[in-house]
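Peer 1: After the structure tokens below, expect a handful of questions from me.
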Amino acid sequence: MSTPEPVLLLHGQPGGASDWDLVVAALDGRVDTLAIDRPGYDGRNQAGGIRHSAEAALKRLDGEGVERTVIVGLSFGGAVGAWIAAHHPDRVEALVLVAPAANSDSVVPVDRLLAAPVVGPAASAGMLFAAGLLTLAHPVRQRVAKAWGTSEPYLRRTATKLLNPDTVRTFTVEQRALLDELPALESVLGSITAPTTIVIGTRDTVVPPAANHLLSQQIPNARLVEIEGARHALCVTHPDRIAELIVEVASGRPSAEAPPDGNPL
């Protein structure tokens, strides 16, 4: 398998196309990419759930003249990619799901709290605003940038997004969608025919690794790649490894397994 079409990159929740910057840099032109801002985070389109984001992604592919390609999805974006693969198999050459939240087991108690009526929006706003304010503080930003191997300007942009009321509204809508739409997505995972690689960190505290062990059984012939000691933000903490996997999948030459990676973040 080889695709000349740009690989579609779908960010997580909250997030934006720039979350893939380190991965795109690590790809160094070996694969063309199309990173998009999902609805609600793009400043133009109304927020929605998994299907809503999937339909927006397909519309963008249509606009770019892309008929069939590799889809790479992070977290919530992984659910979006899986939805497209299940409902529009003709559009998907292969899937790379990075720390995906794509089945009911990926929903943890905090997700249910953040999706709850009244309490959920308030809790989401408090969590995102606190994270944004902390990240804007130079000492914190400096420490995180050093630990993650990323740049302070990237973290500053991320903090600004977290403080944006549109981000909070979109995050809240998507939290509800996780509870409402994941059961329906889970019921069609077995129909996915695209070669699928699932990449997880063994210390992910956002999406339980056990949920993605199950996901690797729910999607036929899925390959599970574990990055030892890694957490959830793999596109930031392990961009080189994610880039290598994308190249392998896009070229149709996936390796048997990922090498150990000791970065604990």
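Please treat every number below as a calculation from the coordinates, not as lab data. This one's a predicted model, so the numbers in the text were calculated from it and none came from an experiment. FYI the Cβ positions are ideal-geometry reconstructions off the backbone, even for glycines, and counts take in every protein chain you see.
Peer 1: Using mean Cβ contacts within 10 Å as the protection proxy, how do 175-183, 157-165 order, highest first?
Peer 2: Details: 175-183: 18.2, 157-165: 16.4.
Highest mean packing first, the order is 175-183, 157-165.
Peer 1: In debye to the nearest 20, how big a dipole does the chain give about its Cα centre with +1 on each Lys and Arg Cβ and -1 on each Asp and Glu Cβ? Don't skip to the end; give the middle numbers.
Peer 2: Values: 22 positive and 29 negative charges, 149 e Å.
The calculated dipole for the chain is roughly 720 debye.
Peer 1: Moving to a separate point now. So who's got an amide H within less than 5 Å of the one on residue 13, skipping anything under 5 residues away but keeping other chains? H placed 1.01 Å off N, in plane.
Peer 2: 76, 77
Peer 1: May I ask for the distance between the Cα centers of region 92-114 and region 47-79, given as a whole number of Å?
Peer 2: Centre-to-centre distance over Cα atoms comes out at 15 Å.
Peer 1: Can you give me the C-alpha center-to-center distance between region 12-42 and region 161-177, rounded to a whole angstrom?
Peer 2: 18
Peer 1: How would you classify the chain from its alpha-carbon gyration tensor, with a ≥ b ≥ c the square roots of the eigenvalues: rounded for a/c under 1.5, else prolate if a/b is greater than b/c, otherwise oblate?
Peer 2: In terms of gyration-tensor shape, rounded.
Peer 1: Oh, and also: Counting only helical runs of four or more DSSP H residues, what would the 222 nm mean residue ellipticity of the chain come to if each run contributes -39,500 (n - 2.57) and the total is spread over all its residues? Display every interim value, and only then the final one.
Peer 2: Working: 11 runs with 130 residues, N = 265.
When only DSSP H runs of four or more count, the value is -15000 deg cm²/dmol.
Peer 1: Which of 76, 171, 129 comes first, and how do the rest follow, when ranked by fewest Cβ neighbours within 10 Å? Before the final figure, lay out the partial values.
Peer 2: Details: 76 28, 171 24, 129 15.
Least crowded to most crowded, the residues run 129, 171, 76.
Peer 1: Here's another thing I want to ask about it. Using only alpha carbon pairs under 8 Å that are at least six residues apart, calculate the relative contact order of region 1-42 and give it in whole percent. It would help to have the intermediate numbers written out before the result.
Peer 2: Working: 46 pairs, mean separation 22.1, N = 42.
Relative contact order, region 1-42: 53 percent.
Peer 1: Now for a separate question. Could you give me the ³J(HN,Hα) list for region 188-193, computed from phi with Karplus coefficients 6.51, -1.76, 1.60 and θ = phi - 60°, whole Hz, x at Gly and Pro?
Peer 2: These are the phi-based 3J(HN,Hα) values: 10, 4, x, 8, 5, 10 Hz.
Peer 1: Which one of 86, 35, 25 has the biggest mean-square fluctuation once the chain is modelled by GNM with Cα springs under 10 Å?
Peer 2: Maximum among the listed residues: 25.
Peer 1: If I histogram all Cα-Cα distances within region 22-103 using bins 10 Å wide from 0, what percent of pairs lands in each bin?
Peer 2: Calculated over all Cα pairs of region 22-103, the distribution is 18, 52, 29, 1 percent.
Peer 1: Can you list the residues, at least 5 places off or on another chain, whose amide H is less than 5 Å from the amide H of residue 32, using H built in the peptide plane?
Peer 2: 7
Peer 1: Now for a separate question. Under the Karplus relation 6.51 cos²θ - 1.76 cosθ + 1.60, θ = phi - 60°, what is the ordered set of whole-Hz ³J(HN,Hα) values for region 70-75, x standing for Gly and Pro?
Peer 2: 7, 10, 10, x, 9, 6
Peer 1: Using θ = phi - 60° and the Karplus relation 6.51 cos²θ - 1.76 cosθ + 1.60, list the HN-Hα couplings for region 162-172 in order, rounded to whole Hz, with x at every Gly or Pro.
Peer 2: Those phi angles translate into 5, 8, 7, x, 4, 5, 4, 4, 5, 4, 5 Hz.
Peer 1: Along the charge dipole of region 11-130, which of 25, 110, 99 sits closest to the positive end, that is, farthest toward it, with unit charges on the beta carbon of Lys, Arg, Asp and Glu (+1, +1, -1, -1)?
Peer 2: With unit charges placed on the Cβ atoms, the residue in question is 110.
Peer 1: Evaluated at 37 °C with a viscosity of 0.692 mPa s, what Stokes-Einstein diffusion coefficient in µm²/s does region 1-62 have when Rh comes from the Kirkwood expression over alpha-carbon pairs?
Peer 2: Working: Rh = 12.5 Å.
Value of D from the Cα-based Kirkwood radius: 264 µm²/s.
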